[in-house]
């Protein structure tokens, strides 16, 4: 019963060229609903919209750009705490890859 499953939320971030897009493709292959380059301030609204539908996805992976747009990265801990407080804890994965 999909509607009773808890939501598994993964937030991927990292430096440019760090492997975020490849990781998101892998999560997509594993059945996750994926969104890349999502502004951090839109995470709560997107998660709420997706989880409000009992038939909506319960495995979500979001790619957040590390480039600092108006202090966005400094707000991520608070955003993740708010999501956890609303019943959707997230795993934050920071990727960095080199040749």
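Computed FRET efficiency, Cβ-Cβ of residue 28 and residue 6, R0 22 Å: what is it to the nearest 0.05?
Efficiency, rounded to the nearest 0.05: 0.65.
May I ask for the angle, rounded to the nearest 10°, between helix 43-52 and the longest principal axis of the chain, with both axes built from Cα atoms and the value confined to 0 to 90°?
That works out to roughly 20 degrees.
On a 0 to 90° scale, report how tilted helix 72-85 is relative to the longest principal axis of the chain, with both axes built from alpha carbons and the result rounded to the nearest 10.
20
Could you estimate the translational diffusion coefficient of region 59-99 from the Stokes-Einstein equation, with Rh from the Kirkwood formula over C-alpha pairs, at 37 °C and 0.692 mPa s, in whole µm²/s?
278
Binning every alpha carbon pair distance of the chain at 5 Å from zero, what are the percents per bin?
Spelled out per bin, shortest first, that is 3, 13, 25, 25, 19, 10, 4, 2, 0.
Could you work out [θ]222 nm for the chain from helices alone, using -39500 (n - 2.57) per DSSP H run of at least four and dividing by all its residues? Round to the nearest 500 deg cm²/dmol.
-10500 deg cm²/dmol
Nearest 10 degrees is fine. How inclined is helix 20-29 to the longest principal axis of the chain, computing both from alpha carbons?
With rounding to tens, the tilt is 30 degrees.
Each reported figure results from applying straightforward, stated rules to the coordinates on display, with no laboratory input. Since this is a predicted model, take the numbers as computed values, not measurements. No Cβ is skipped: glycine too gets one built from the backbone with ideal geometry, and neighbour counts run over all protein chains shown.
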